[in-house]
Amino acid sequence: MEVYIANGGVKKCDCCDKDYLVKFFTCTACAPHSSDNSVDICTTCCLMYAREAHQARCGPNHQFVFMRTRRQCGGCGTAISSDYMKCNNCSFDLCMLCTVRRRPMEIHQHTNRNHTFNYSAWLPHNKPGPIRTVQKFQLNWQWRCDVNGPGCTPYITGPFFHCLDCDKPGFDICAHCADFGGIWRHVRQTGHRFSFLQQESHIETSDPPPPYQPF
Ligand SMILES: [Zn+2]
Ligand SMILES: [Zn+2]
Ligand SMILES: [Zn+2]
Ligand SMILES: [Zn+2]
Ligand SMILES: [Zn+2]
Ligand SMILES: [Zn+2]
Ligand SMILES: [Zn+2]
């Protein structure tokens, strides 16, 4: 997986508002990652279709790349580019070379009592896979968005997200509302799973939709 390094700026997830992101995905078609208006998504929201929702709303050219914020070793001053040790109490990091030397960590812990270190992986451990493709089906049904956020249209026409765990009449989220955190808010409250669907046409058919794939 290719890793791009972000230069400064505090990054916040545009989906769940998680702040101070260290590992995230950024949209290459929206504002550049150095700008405050960049579209950045945390790795947790990636698992909840945040990238798919953004592409469904904004277009297939809205591709995402994995980014990390720049880290610098407090021991030797070099830029960190692999797994490292991170101070749990301040912004001090140590590269693995300085960690095995032990002296830099001892100095930091001597001047900062109670500071402890944790291993931090360079890549996300729950690495989100590639963007998932929409499952198309044919059914004579009109789907309504149950989030109805600002800018939402009453009937869903394009790809949408269907909750697999809500009882009838179900819970569906249009791409627009999903791109503004709709799935994340529903999952946070319920722990439910979603599938990514698109109705191909309003033709008369009694065929059931294909088996849904949850995330
Ligand atoms: Zn998020
Ligand atoms: Zn974008
Ligand atoms: Zn978006
Ligand atoms: Zn170092
Ligand atoms: Zn510290
Ligand atoms: Zn639900
Ligand atoms: Zn909506």
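Summarising the strand pairing of the chain, around 75 percent of its internal DSSP beta bridges are antiparallel.
Stretching T78 away from L97 to a fully extended chain increases their span by 5.8 nm, per 0.36 nm per residue minus the current alpha-carbon distance. Residues whose amide H lies under 5 Å from that of L139, counting only those 5 or more places away or on a different chain, are E200, S201, I203; hydrogens are built 1.01 Å from N in the peptide plane. Under a 5 Å amide H cut-off, with hydrogens placed 1.01 Å from N, D165 pairs with R193 among residues at least 5 apart or on other chains.
The slack between V22 and V10, meaning 0.36 nm per residue of separation minus the straight C-alpha distance, is 3.4 nm.
Rounded to the nearest whole Hz, the Karplus-based 3J(HN,Hα) values (6.51 cos²θ - 1.76 cosθ + 1.60, θ = phi - 60°) of the range 148-162 follow the sequence 6, x, x, x, 7, 9, x, 10, 7, 10, x, x, 8, 10, 10, with x at glycine and proline. Long hydrophobic helices in the chain: none of the complete DSSP H runs spans 18 Å or more by Cα along its own axis with mean Kyte-Doolittle hydropathy of at least 0.5. Taken about its Cα centre, the chain carries a charge dipole of roughly 1000 debye when the Cβ of each Lys and Arg holds +1 and the Cβ of each Asp and Glu holds -1.
Each value in this text was obtained by applying a stated rule to the coordinates, not by laboratory testing. Computed from a predicted structure; not experimentally measured. Virtual Cβ from ideal backbone geometry, glycine too; neighbours counted across all protein chains shown.
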